[in-house]
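The values are calculated or read from the model by the stated rules, or taken from the named source; none is laboratory data. Please read all numbers here as calculations on a predicted model, not as lab measurements. Every residue, glycine as well, gets a Cβ built from its backbone with ideal geometry; the counts of neighbours run over all protein chains shown. Note: areas computed on protein heavy atoms with side chains; ligands, DNA, RNA excluded. Shrake-Rupley method; radii C 1.70, N 1.55, O 1.52, S 1.80 Å.
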Amino acid sequence: MNTDQLMTLAVNKNGFIFDPENGISYTVNETGLFILQQMQKGQQEQEIIASLCEEYEVLPDQVRSDLEHYCAMLKSLNLVED
Amino acid sequence: MQNLNLSHLNITVAVSGLKTGDNPQPGVPVIRSIRTAGFKGKIVGFVYDAMESGIYLDCIADEVYQMPYPSTGAEPFLMRLDYILSKTKIDVIIPTLDSEVPIYIRLEKELKERGIHTFLPTEEQFNLRDKIKLAQFFPPKGIDIPKTHILQSADGITKLKDELEFPVIVKGRLYEAYKASNISEAYKHFNDLAAKWGLPIILQEIIDGDEFNIVIVGDGKGKCLGMVPQRKLVITDKGKGFGGVVVKNPSLESYAEKVIAALSWRGPCELEIIKGEDGKFYLIEINPRFPAWVRLAEGSGQNQPAATVLLALGEKLDTLPAFRPGTLFIRHAEDLISDISLLGDISVNGELIRTKEEK
């Protein structure tokens, strides 16, 4: 997954995201913020799943589809590419 | 580069366009930015109407003078200016209204003879950015603009009816633009705008995409001394941006640099640009003066009005300081409380000299 665009986002600790390139802003919840932060650290899908499992004490199967859904949304917003 | 400091200047700067409110002119924000740079000299406001609200704001203009409309010609304009010069010296004028910029350009020599400096484009540069010239001048230089039709009569709409794809934007030559969703709305807007601002009327294709506005000071040799791009976040029903955020987009900046280089623009201006869904940038308009949101430039670290004062005085400035993306502006309106005597002064005498207490 290409996360170049994601790396340019300004992410604040409350989940307010600002894209300085086009001026668009977004809000994400706590989990969404956690995933974005892992992506900005350069983690790939499997690593993010592992991080989520550790942080929220859940099993990989419980987060996999939600993460896929989240990534699809990021793709539709042109924030990540395949 | 450090931000600009004008505290050493003991001069008088005149600025026009003091109306604020729902359709604000750029004069008040230009003055605020100059004062923010530490300017301690005198500010003179030029107004056309006693109800321009900036007249009644404290700490804006030390003196206000009513000016004749630019359409009355150079002679009454210079006569009025000479009268004002008998009351106060003026070192720099920053005009902020589209309709008055040409007269200041044409009178550059006469102004200089009176010790007044400006930092404005040449008449040729000014004319090339005219809405009716954009479609001819820019596309051959690789700068796309939306499909545009220049109409001298309403019959032109009928002739174009098979070609037009509604909605379209109907624009007056100098001011105002309305969206027309069908041919009868196009006629209505044509007639309203023609009655108000004269001919021709411009019909322009609507490009769907992200709209950006950029405030720029060009050096007159093809380079941008300063540039601050913003995306509007709050738009009023009149299409005015009442909120916006500074963006950092290298391809947008390169595009804007190309526009300024094509014109060799000198002085302040505002570009309106859309990034279409096809990923291409389109030039919508070039306004030949600071926009009313110019304080965003100062707020983001690039005080363009202060730079313009120095440039008018002949100072050589290199590139202005970098701006901070993410800087936000929100415009708000508030009621000013004043005394009727101030309105009396400006209405009857055409001038208002504020005492120390009134300032």
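Among residues of the stretch B:1-27 that are assigned by TED's automatic domain parsing to the domain that holds B:Asp98 and open to solvent by 20 Å² or more (accessible area, probe 1.4 Å), those with a beta-carbon under 6 Å from a residue that is modelled with pLDDT of 95 or more and of a type in the set (A, V, I, L, M, F, W, C) at least six positions away or on a different chain give the pairs B:Thr20/B:Val28; B:Pro24/B:Ala292. Restricting attention to the stretch B:169-228, the residues being assigned to a helix (DSSP H, G or I) and not basic (Lys, Arg) number 13.
Please indicate, with yes or no, whether at least one residue in the stretch A:45-53 is touching a residue at least 24 places away in the same chain (Cβ under 8 Å) and out of contact with any Cys (no Cβ under 9 Å at 6 or more places or on another chain).
no
Please indicate, with yes or no, whether at least one residue in the stretch B:273-282 is in contact (Cβ under 8 Å) with a residue 12 or more places away in the chain, buried (at least 18 other Cβ atoms within 10 Å of the Cβ), out of contact with any helix residue (DSSP H, G or I) (no Cβ under 7 Å at 6 or more places or on another chain) and part of a helix (DSSP H, G or I). No, the stretch B:273-282 contains no residue that is in contact (Cβ under 8 Å) with a residue 12 or more places away in the chain, buried (at least 18 other Cβ atoms within 10 Å of the Cβ), out of contact with any helix residue (DSSP H, G or I) (no Cβ under 7 Å at 6 or more places or on another chain) and part of a helix (DSSP H, G or I). Condition check for A:Leu6 on (1) within 30 Å of B:Val228 (Cα to Cα); (2) open to solvent by less than 30 Å² (accessible area, probe 1.4 Å); (3) without any contact (Cβ under 8 Å) to a residue 60 or more places away in the chain: one failure, at (3). Taken over the stretch B:319-332, residues that are exposed (fewer than 11 other Cβ atoms within 10 Å of the Cβ) and in a loop (DSSP other than H, G, I, E, B) amount to 1. Counting only residues that are in contact (Cβ under 8 Å) with a residue 60 or more places away in the chain, away from chain A (no Cβ under 14 Å) and not in a strand (DSSP E or B), the stretch B:236-261 holds 6 of them.
Residues that are of a type outside the set (Lys, Arg) and under 20 Å from B:Arg295 (Cα atoms) number at least 3 in the following strands (runs of 3 or more DSSP E) confined to the stretch B:1-96: B:12-16, B:42-47, B:92-94.
Under the condition of being touching a Gly at 6+ places or on another chain (Cβ under 6 Å) and among the β-branched types (Val, Ile, Thr), the residues counted in the stretch B:271-310 number 1.
When the stretch B:28-64 is filtered for residues that are surrounded by 21 or more Cβ atoms within 10 Å (Cβ to Cβ) and charged (D, E, K, R), only B:Glu52 remains. I'd like to verify a number: residues in the stretch B:220-233 that are of a type in the set (A, V, I, L, M), within 19 Å of the chain's Cα centre (by Cα) and open to solvent by 20 Å² or more (accessible area, probe 1.4 Å), how many? So the answer is 0. Taking the stated definitions as given, is B:Ile105 in contact with an Asp or Glu (Cβ under 6 Å, 6 or more places away or on another chain) and either among the charged types (D, E, K, R) or in a helix (DSSP H, G or I) (or both)? Criteria met by B:Ile105. Please work out if B:Lys316 is assigned to a loop (DSSP other than H, G, I, E, B) and in contact with an Asp or Glu (Cβ under 7 Å, 6 or more places away or on another chain). No. Considering only residues that are closer than 28 Å to B:His117 by Cβ and touching a helix residue (DSSP H, G or I) at 6+ places or on another chain (Cβ under 8 Å), look in the stretch B:309-352 and name the one that is farthest from the other protein chains (Cβ to nearest Cβ). This residue is B:Glu351.
Of the candidates A:Val80, A:Val11, the single residue that is in contact with a helix residue (DSSP H, G or I) (Cβ under 7 Å, 6 or more places away or on another chain), at pLDDT below 95 and within 14 Å of another protein chain (Cβ to nearest Cβ) is A:Val11.
In the stretch A:14-39, the qualifying residues are those that are in contact (Cβ under 8 Å) with a residue 24 or more places away in the chain, in a helix (DSSP H, G or I) and open to solvent by less than 60 Å² (accessible area, probe 1.4 Å), and the one that is farthest from the other protein chains (Cβ to nearest Cβ) is A:Thr31. Remark: pairs (first residue in the stretch B:99-110, surrounded by 14 or more Cβ atoms within 10 Å (Cβ to Cβ); second residue among the basic types (Lys, Arg); Cβ separation under 7 Å; 6+ apart in sequence or on different chains) = B:Val101/B:Arg289.
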